[in-house]
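Working notes, structure below.
The values are calculated or read from the model by the stated rules, or taken from the named source; none is laboratory data. Keep in mind that this is a model prediction, so the values were computed, not measured. Cβ placement follows ideal geometry from the backbone for every residue including glycine, while neighbour counts extend to all protein chains displayed.
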Amino acid sequence: MKIKHIIAIAISAFIIPFIIYFLNFNGSLSSSDQSWSNFGSFIGGIGATIFSFASFITVLITYDKNKLEKLEDEEKKMIFQLFDLLDKSREKLLFEFSNQKAVGVEAINRFNAIAAHLSASYSECKKLNRGFWN
């Protein structure tokens, strides 16, 4: 919500109870203590209800934002753990194909090259309507 909307709602919530009270009780100021006491109770009851509701909504919004932030933090933590695991295991990676051994980054590069070659061969066979293994 924009700040202008919030200010407009707050001003409306403050003015509307006064208008309702004055329209309901002849619209004139009273010299009676009892009338002023009733007016104070009316305004206090309306104000307390409005502020309690606003506080409840604020707590719900804060809870929702905190929940989303917690999920984002957990996702970031998991991603960094995966990067650490990949970094640690990269040097231990061994790739063997046609009696040629490769370790670490070289193994990943060879695997990607073979996968690209197989993908290209499969695409070409598909264009020719032939079976891949024929």
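Would you check if GLU96 is at pLDDT below 70 and surrounded by 10 or more Cβ atoms within 10 Å (Cβ to Cβ)? I'd like the intermediate steps shown before the answer.
Working: at pLDDT below 70: yes; surrounded by 10 or more Cβ atoms within 10 Å (Cβ to Cβ): yes.
For GLU96, the condition - at pLDDT below 70 and surrounded by 10 or more Cβ atoms within 10 Å (Cβ to Cβ) - is met.
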Single match in ILE50, ILE46, ILE3 (criterion: in contact (Cβ under 8 Å) with a residue 12 or more places away in the chain and within 30 Å of the chain's Cα centre (by Cα)) = ILE50
Pick from region 101-134, criterion modelled with pLDDT under 70 and in a helix (DSSP H, G or I), ranking: farthest from ASP87 (Cα to Cα) | LYS127
